[in-house]
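Before any comments, here is the structure.
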Amino acid sequence: MSKKIKRRDFMITSAAAGLTIAAAKSKGSPSAPLMLVPSSVKPVVVSSANGNRFKHTGNETAVQKAFEMITQGADVLDAVIAGVNIVELDPLDDSVGYGGLPNAEGVVQLDSSCMHGPRKRAGAVGALEGVRTPSLVAQSVLDNTDHHLIVGRGAQEYARSMGFKIEDDLNTEHSRKLWLEWKRKIDPEHYLDPKKRAEAGHRAALEMLAAGRLREENMHGTINCDGINAKGEICGVTTTSGLSWKIPGRLGDSPILGAGLYVDGAVGAAGSTGRGEANLYNLCSFVIIEEMRRGAHPKDAGMEVLKRIKANTIEKRLLKADGNPNFGINFYIINAQGEYAGVSMYQAKYAMCNEGGPQTLNTEPLLPGRPSE
């Protein structure tokens, strides 16, 4: 008499291969063939610190919203963009979207990029005026065009043609008040020679920072948000109002693929906030992805680019007395296994949400101290 065997399902995880072997035995029948399927990844969302600070009119922060949507089965890019929309629409965050600090002429110009890992597509807009949610316009570029980047008046006309509401002015009372304060400090007699104007502008911004009129992130304010779902699908978005009081038309790193954001669906995602010019010079997000492709952990990949930025920063105006950079720059990184990190030139914060809920964490800094003396 043959021994009866109850049906059994078991899972054995192979750490080396990253695969799960599922085997089943049917009652009174030979063993079923082994099936190899990808092991699941624990979903996670990482972002800059403002992704766990601002809630607009709701009860969720950006990382909460994105994580909830991801775990409910939404497309990862839809989820992270819905997350940053909260910050773009919140007038209390004056570094992103509506109420973002304007350029030198008092005009709010917004930049954004997004990348979809599984679809291997990207979209971006730069110096966009009149649309509170540039991330959605960037996603529209990804979905509806053969282009990666549309800028300036062309970006606004594209947004209009796609049905986005165009507003005359994205300043809030708060952002306009700060701009007027800055303008009066740098231009009390209307005209200065170029050298004095540049010195006065930088000094005015530092005075406002020291007085608590500006947060440090306002100087290079942005939100980057990246996520991965249980299938290992990775997407990311970066959106910003750019450097406060910038030259009109200036683009930083945020809308540039490989700098403000880069996603490779087989490797991971990396995005940035901070001094965009330093990131652009080194195309850091792309380098981070390539470091992870060679096997580096997200933290180690981020540290590598921070070292490059430090080594390539040689202008005296960008250095402290100790020879280190006088600016902050941060990177937010996820790999295809769901491992993540937040790294920075100096100590900063970043946001993360997983099954344990939203958290604000310390970044791993390359250097001790602060950007300013």
### Query
Evaluated at 20 °C with a viscosity of 1.002 mPa s, what Stokes-Einstein diffusion coefficient in µm²/s does segment 56-109 have when Rh comes from the Kirkwood expression over alpha-carbon pairs?
181
#### Entry: Amide hydrogen neighbours beyond the local backbone of I234, cut-off 5 Å, H modeled
G117
### Query
On the first, second and third principal axes, largest extent first, how far apart are the outermost C-alpha atoms of segment 99-167 in Å?
39, 21, 16
### Summary
Residues whose built amide H sits under 5 Å from the amide H of V131, excluding neighbours closer than 5 in sequence, are E167
### Query
Can you list the HN-Hα couplings for segment 316-322, worked out from phi with the Karplus curve (6.51, -1.76, 1.60; θ = phi - 60°), rounded to whole Hz and with x for Gly and Pro?
4, 5, 9, 10, 7, 4, 7
### Message
Need the C-alpha centroid separation for segment 112-153 versus segment 50-109, integer Å.
### Response
16
### Task
Determine, for I289, I256, the number of other Cβ atoms within 10 Å of each Cβ, and report the residues in order from fewest to most.
I289, I256
### Message
Through the Karplus equation 6.51 cos²θ - 1.76 cosθ + 1.60, θ set to phi - 60°, convert the phi angles of segment 241-257 into ³J(HN,Hα) values in whole Hz; use x for Gly and Pro.
### Response
9, x, 4, 5, 6, 5, 4, x, x, 5, 10, x, 7, 3, x, 9, 5
### Query
Each residue of segment 341-347 in turn: what ³J(HN,Hα) in whole Hz from Karplus with 6.51, -1.76, 1.60 and θ = phi - 60°, glycine and Pro shown as x?
7, x, 10, 7, 5, 10, 3
### Message
For segment 48-179, what is the number of Lys pairs with C-alpha distance below 24 angstrom, counting only pairs 8 or more positions apart or on separate chains?
### Response
5
### Summary
Neighbour-count ranking for V80, V44 (other C-beta within 10 angstrom, fewest to most) reads V44, V80
### Task
Could you tell me what % of all Cα pairs in segment 234-358 have separations over 16 Å?
61
#### Entry: Hull-based mean projected area of segment 44-365, where the convex hull spans the alpha carbons, in square nanometres
15.8
### Summary
Final fewest-first order of M162, M345, M69, M115 on the 10 Å Cβ neighbour count is M162, M69, M345, M115
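Computed from the coordinates by the stated procedures, all read-outs in this text should not be read as laboratory data. All figures in this text were calculated on a predicted structure; none of them were measured in a lab. Counting neighbours? That spans all protein chains shown, and the Cβs are built from the backbone with ideal geometry, glycine included.
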